[in-house]
1. Restricting the search to the range 66-92, which residues are within 23 Å of LEU133 (Cα to Cα), in contact with a Lys or Arg (Cβ under 9 Å, 6 or more places away or on another chain) and surrounded by fewer than 20 Cβ atoms within 10 Å (Cβ to Cβ)?
2. List every residue pair whose Cβ atoms sit under 9 Å apart, with the two residues 6 or more apart in sequence or on different chains, where the first one lies in the range 24-37 and is closer than 13 Å to ARG80 by Cα and open to solvent by 30 Å² or more (accessible area, probe 1.4 Å) and the second, anywhere, is assigned to a loop (DSSP other than H, G, I, E, B) and of a type outside the set (D, E, K, R).
3. Of the numbered conditions (1) part of a loop (DSSP other than H, G, I, E, B); (2) touching a residue at least 12 places away in the same chain (Cβ under 8 Å); (3) open to solvent by 40 Å² or more (accessible area, probe 1.4 Å), ALA54 fails exactly one; give the number of that condition.
4. Output the residues belonging to the range 115-139 that are open to solvent by 40 Å² or more (accessible area, probe 1.4 Å), in contact (Cβ under 8 Å) with a residue 24 or more places away in the chain, in contact with an Asp or Glu (Cβ under 6 Å, 6 or more places away or on another chain) and not aromatic (Phe, Trp, Tyr).
5. In the set ASP109, ASP96, which member is open to solvent by 20 Å² or more (accessible area, probe 1.4 Å), acidic (Asp, Glu) and closer than 19 Å to ILE139 by Cβ?
Amino acid sequence: MLVVIGNDLLTKAPNTPRRERPDIEEHPVKGGAVIYIGALVCLGGGWAVPGRSAPGLVTVGVAERGASPAIDGGDTVRTRRGVFQFANSAGADRIDRSAIGRPAYVVDDQTVALTDAAGTRSLAGQVRDVEALGVWVEI
């Protein structure tokens, strides 16, 4: 039997690599960045950085260990995807229960907001719940 992938045909069963824990990844850290355990981690230009208000970042998870390399790629950070609780923003950007199912945006490495602040914030993930202690976001 032939399996079609794109325009190529396989003529035998491939030994396709897989990850046992697809929710856990390692990313090289941007030189000079300081990432703390439990921090929201983003990729900027391919390098792991702590979450911050900036356009074009890609949220990849929460840090399972800290990192602070002197040079680009001098260390890696292990991240985990899932549903995590972050601090809620204030004022007009405060997230309430009516935002469940909607996007949350990165303010810093521990805070999320309701809006992208006119395109100056990157997507953190999807709001799953809101409690007095914070906002549960799925990354």
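1. Selection gives ARG80, VAL83.
2. These pairs meet every condition: ILE37/GLY66.
3. The one condition ALA54 does not meet is (3).
4. Across the range 115-139, the qualifying residues are GLN126, ARG128.
5. Details: ASP96 fails: closer than 19 Å to ILE139 by Cβ.
Just a single option satisfies the conditions, and that option is ASP109.
The values are calculated or read from the model by the stated rules, or taken from the named source; none is laboratory data. Here the structure is a predicted model, which means the values were calculated and not measured. As a convention, Cβ positions derive from the backbone with ideal geometry for all residues, glycine included, and neighbour counts pool all protein chains shown. To get the accessible areas, we keep the full protein, side chains included, count just its heavy atoms, and leave off ligands, DNA and RNA. Shrake-Rupley method; radii C 1.70, N 1.55, O 1.52, S 1.80 Å.
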